[in-house]
Amino acid sequence: MPEALLLENFNGAIAAIAATRPTYPTPNRNFIVTLLSKWFGGNKVNRLRIGEVFKMSLIGNNENSEKYILFGDPALYLALPYSDAKFHKLPTDTLYTLQNVTLKGQVNSNSNANFSGTGSIRVMDSERQVTRQYLDNSKTLCSMSYILPGEVLYYGNIQVTDNLFQTRFFIPKDINYENRLGRIIFYCWNTNTSEEAGGYYDSLSFQGGAGLVDTTGPTIQVKFQDIDFRNGDVVTPGASLTIKISDPVGINITGQLGHEITVQFDQNQAQPLIVTDDFSYDLDSDTSGTIHLALPELTPGAHTLDIKAWDNANNSAEVVVNFTLLMTTKLHLERVVNYPNPFRSTTDFTFFLTQPARVDIAIYTIRGVKIATLRSTGILPAGFNYISWDGKDSFGDEISNGIYLYKVQAQSIDHQKTAYIGKIVKAKS
């Protein structure tokens, strides 16, 4: 089993401690207690290598200890926050639903240098007691009670600057109201120095009763990867989906039944996707966040996307968008139209790019003589774009009334090319 865990490609173990022969409960317990006390003794995380902790936990005159083997690199440090983060005391440890809470704190760096980086914060609801009934072997009805951890009320990212950090969050209405205690968990890191810090704020009481009145659901925006998406646009295969959700009282991410964030393709009632756990608040925000998803296996053609979300006041909002999935990821010009057509003085050439590209538009007479060339200002992004024309030729003269041809040519960054030819009419001014 340890070998299988270490060799697992995804979600495998970085190291494992296993026994080569049968061991016994009491010595096993003593071994684990010793190991954990070495790592986490003194109310802190001790920066020790795996091999060091393993060696200190073995008792030489104990036969049971001789049966353990460390699978893994003994020089490896665990990815744990070795520096400490402390929260400033709140005015009260009782927080109310729809209350906007501001919490400050600081990082006590072990390196004696100012700590700056990014942190993540989780506000956890109180634990809840659950009772389940079951039938024993004699068919007697029995019950069993146990404690489950609280749901996540808020999860966001914040900046840490010169050891200091600050966050804000709303308390949702969907708390469990069990009069138990919740907590806040904080973790931060500095990508330049690889230093990490962690801390928590314990013994918080969540209660109902804030007087804030809100009756409007959240705002939902849909985007696709690298595309300036508008309802009805085309999408290339493999494009990731980005859902932006915002509300003045924050987004409900408790996962309570009926208040989940859901995504549904093609109105498939049997398979709504619950994506609440994929939502993360934007950096230093308590009102907006994003969800990033990969598109499921869909056939090329027209599709609908239905998204529903709730705010912390339990108001819902729903958005339905339409898109067309293409068969290929190559560069294409889609939905090329000039408007107005016929035109009197000016017209816009509108088109959809499946990749970022440089675009040129050549205007020809009906006999094939080029009279004007329009060029994009640099590389245009994927998605909807337009280029305007003032109806004048290359010499700056207004063209005569009549029928003309135009050719839209696009070239991507990797030199893929595509073109479209259409007809345009200049009417009397």
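The values are calculated or read from the model by the stated rules, or taken from the named source; none is laboratory data. None of the values given here were measured: they were computed from a predicted structure. Every residue, glycine among them, receives a Cβ derived from its backbone with ideal geometry; neighbour counts consider all protein chains shown.
Structure values in brief
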| quantity | calculated |
| --- | --- |
| Top-ranked residue of the range 399-429 - restricted to ones that are assigned to a loop (DSSP other than H, G, I, E, B) and charged (D, E, K, R), ranked as nearest to Gly232 (Cα to Cα) | Asp414 |
| Only one of Leu273, Leu283 that is closer than 30 Å to Gln166 by Cβ, of a type in the set (A, V, I, L, M), out of contact with any His (no Cβ under 7 Å at 6 or more places or on another chain) and not assigned by TED's automatic domain parsing to the domain that holds Gly119 | Leu283 |
| Which listed residue, of Asn192, Asn110, Asn163, is modelled with pLDDT of 90 or more and either outside the structural domain of Asn314 (by TED's automatic domain parsing) or not small (Gly, Ala, Ser) (or both) | Asn163 |
| Verdict on Phe343 being of a type in the set (Phe, Trp, Tyr) and under 23 Å from Gln225 (Cβ atoms) | no |
| Any hit, the range 380-398, residues being under 28 Å from Asp414 (Cβ atoms), in contact with a strand residue (DSSP E or B) (Cβ under 7 Å, 6 or more places away or on another chain) and outside any strand (DSSP E or B) | yes |
| Only listed residue being of a type in the set (A, V, I, L, M, F, W, C), surrounded by 13 or more Cβ atoms within 10 Å (Cβ to Cβ) and at positive phi, chosen from Leu48, Leu78, Leu5, Leu98 | Leu98 |
| Wholly enclosed strands (runs of 3 or more DSSP E) of the range 284-366 bearing at least 1 residues at positive phi and surrounded by 13 or more Cβ atoms within 10 Å (Cβ to Cβ) | 333-339 |
| Any hit, the range 25-43, residues being exposed (fewer than 14 other Cβ atoms within 10 Å of the Cβ) and in a loop (DSSP other than H, G, I, E, B) | no |
| Extreme residue, farthest from the chain's Cα centre (by Cα), among residues of the range 404-429 that are modelled with pLDDT of 90 or more and loosely packed, with under 14 Cβ neighbours inside 10 Å | Lys423 |
| Evaluation of Asn179 against (1) in contact with a strand residue (DSSP E or B) (Cβ under 9 Å, 6 or more places away or on another chain); (2) farther than 17 Å from Asp93 by Cβ; (3) not hydrophobic (A, V, I, L, M, F, W, C) (one fails), failing number | (2) |
| Filter result for Ile175 (touching a residue at least 40 places away in the same chain (Cβ under 8 Å) and not small (Gly, Ala, Ser)) | yes |
| Sole exception among (1) more than 15 Å from Ser240 (Cα to Cα); (2) over 16 Å from the mean Cα position of the chain (by Cα) for Ala309, by number | (2) |
| Boolean, Gly396 is within 48 Å of the chain's Cα centre (by Cα), closer than 19 Å to Thr346 by Cα and surrounded by fewer than 17 Cβ atoms within 10 Å (Cβ to Cβ) | no |
| Selection from the range 319-357 of residues that are assigned by TED's automatic domain parsing to the domain that holds Ile274 and free of Cβ contacts under 8 Å to residues at least 24 places away in the same chain | Val320 |
| Top-ranked residue of the range 114-152 - restricted to ones that are free of Cβ contacts under 8 Å to residues at least 40 places away in the same chain and not in a strand (DSSP E or B), ranked as surrounded by the most Cβ atoms within 10 Å (Cβ to Cβ) | Gly150 |
| Of residues in the range 235-255 being among the polar types (S, T, N, Q) and in contact with a Pro (Cβ under 9 Å, 6 or more places away or on another chain), the one farthest from Thr97 (Cα to Cα) | Ser246 |
| Condition broken by His259, with the remaining ones in (1) at pLDDT 90 or above; (2) out of contact with any strand residue (DSSP E or B) (no Cβ under 8 Å at 6 or more places or on another chain) satisfied | (2) |
| Residue in the range 319-331 that is basic (Lys, Arg) and at pLDDT 90 or above present | no |
| Count - residues of the range 195-234 that are touching a Pro at 6+ places or on another chain (Cβ under 8 Å), assigned to a strand (DSSP E or B) and either in the same structural domain as Ile261 (by TED's automatic domain parsing) or among the charged types (D, E, K, R) (or both) | 3 |
| Residue among Asn28, Asn43 that is under 21 Å from Pro2 (Cβ atoms) and without any contact (Cβ under 8 Å) to a residue 40 or more places away in the chain | Asn28 |
| Test for Ser65: is it of a type in the set (Ser, Thr, Tyr) and over 32 Å from the mean Cα position of the chain (by Cα) | yes |
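This table checks each residue for (1) in contact with a strand residue (DSSP E or B) (Cβ under 6 Å, 6 or more places away or on another chain); (2) exposed (fewer than 14 other Cβ atoms within 10 Å of the Cβ); (3) among the basic types (Lys, Arg); (4) farther than 28 Å from Lys104 by Cα.
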position: Ile171; (1), (2), (3), (4): yes, no, no, no
position: Ile185; (1), (2), (3), (4): yes, no, no, no
position: Trp189; (1), (2), (3), (4): yes, no, no, no
position: Phe206; (1), (2), (3), (4): yes, no, no, no
position: Asp214; (1), (2), (3), (4): no, no, no, no
position: Ile220; (1), (2), (3), (4): yes, no, no, yes
position: Gln225; (1), (2), (3), (4): yes, no, no, yes
